[in-house]
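Visitor: Sharing a structure below in structure tokens format, with a few things to ask.
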Amino acid sequence: MMPPMGGARAANDLPPNHPVRVWMGEHEILLGFLDQLEQAATDARKSAAGLEPGSPARVALVKLASNLLDAEPHHQREEQALFPRMEEVGIEGPPHMMRLDHDELRLAKRALSDHVTAATPADEAFVERFCQVADFIVQVLRSHIHKENEILYPMALQAIGADGWRAIQADCERIGPCSFTKRG
Ligand SMILES: [Fe+2]
Ligand SMILES: [Fe+2]
């Protein structure tokens, strides 16, 4: 198989509403959320002051966790529209690995949301658990996004023809956008 083109370069040649372009744009937004989460964990390790339930910083964490959960339509578009078409043309390993990442991330994002939403005091145990889950999400989702941008999408662009992409786009439109990209 020919080496895939670099993800960013390949995506620049695509129309703005091409599914890969949309996914890569959503990845940029998700990377921004991960930067915020990483910073929040760094701050919490220094001091848990200000993280009590109902405080502005805690409310911001609840919103951040909710934004991460709202990536669900992005993952569903990949799982339901893209991966089956890759599997149809014999590319099975990479979609399988990405599905496993999605499953792990779903559990971790739900755990993060439950943890920061609960009325738990901001004590040492709260911070320890928060940082543990946040570190996991930051590491796994950053790596997942990198693998999709640089390997999986370029592979898909090479392997799937125009008709396949039209079907993928129709499926993506049926599933719909993430709330953080919906335009007013
Ligand atoms: Fe993914
Ligand atoms: Fe993705």
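Read-outs: derived from the displayed coordinates by stated rules, not from any lab. None of the values given here were measured: they were computed from a predicted structure. Neighbour counts run over all protein chains shown; Cβ positions are idealised from the backbone, glycine included.
Visitor: Mind listing the long-range amide H neighbours of CYS178? Cut-off is under 5 Å, sequence gap 5 or more, other chains count too, H placed in the peptide plane at 1.01 Å from N.
Guide: none
Visitor: Let me ask something else. Applying 1/(1 + (r/R0)^6) with R0 = 30 Å to the Cβ-Cβ distance of ALA57 and SER143, what FRET efficiency is obtained, to the nearest 0.05?
Guide: 0.65
Visitor: Also: Please give every one of the aspartates and glutamates within straight-line cross-link reach of LYS46, meaning a C-alpha to C-alpha distance under 14 Å, and leave out same-chain neighbours fewer than 8 residues apart.
Guide: GLU38, ASP123, GLU124, GLU128
Visitor: Sequence neighbours fewer than 8 away in the same chain don't count; with that in mind, list the lysines whose C-alpha is under 30 Å from LYS182.
Guide: Correct list for LYS182: LYS63, LYS109, LYS147.
Visitor: If you don't mind, another one. Length gain on complete extension for the stretch GLN80 to ALA49, per 0.36 nm per residue less the alpha carbon to alpha carbon distance?
Guide: Full-extension gain reported as 6.9 nm.
Visitor: Go ahead and run the numbers for FRET between GLU87 and ARG166, Cβ-Cβ distance against an R0 of 25 Å, rounding to 0.05.
Guide: E between GLU87 and ARG166, to the nearest 0.05, is 0.85.
Visitor: Would you mind telling me which residue in GLU78, GLU148, GLU104 has the biggest mean-square fluctuation in a Gaussian network model of the chain, where springs connect alpha carbons within a distance under 10 angstrom?
Guide: Of GLU78, GLU148, GLU104, the most mobile in the Gaussian network model is GLU104.
Visitor: Convert each backbone phi in the stretch 17-24 into a coupling constant with the Karplus relation 6.51 cos²θ - 1.76 cosθ + 1.60 (shift: θ = phi - 60°), then list the ³J(HN,Hα) values in order as whole Hz, x for Gly and Pro.
Guide: So the J values, rounded to whole Hz, are 8, 5, x, 5, 4, 5, 4, 5.
Visitor: What is the spin-label model distance, in nm, from LEU100 to THR42 if the labels are put 7 Å beyond Cα along the C-beta direction?
Guide: Result: 3.1 nm between the two label points.
Visitor: How charged is the neighbourhood of PHE33? Take every other residue with its Cβ under 13 Å from the Cβ of PHE33, and add Lys/Arg as +1 and Asp/Glu as -1.
Guide: -2
Visitor: For LEU69 and CYS131, compute 0.36 nm times the residue count separating them, minus their Cα-Cα distance, and round to one decimal in nm. Could you put the intermediate results ahead of the total?
Guide: Working: separation 62, 0.36 × 62 = 22.32 nm, distance 1.75 nm.
Separation in residues times 0.36 nm, less the Cα-Cα distance, equals 20.6 nm.
Visitor: Roughly how tilted is helix 93-117, in degrees to the nearest 10 and between 0 and 90, from the longest Cα axis of the chain?
Guide: 20 degrees
Visitor: Then there is this: For the chain, what class follows from the C-alpha gyration tensor (a ≥ b ≥ c being the square roots of its eigenvalues): rounded when a/c is under 1.5, otherwise prolate if a/b is larger than b/c, else oblate?
Guide: Verdict is prolate for the chain.
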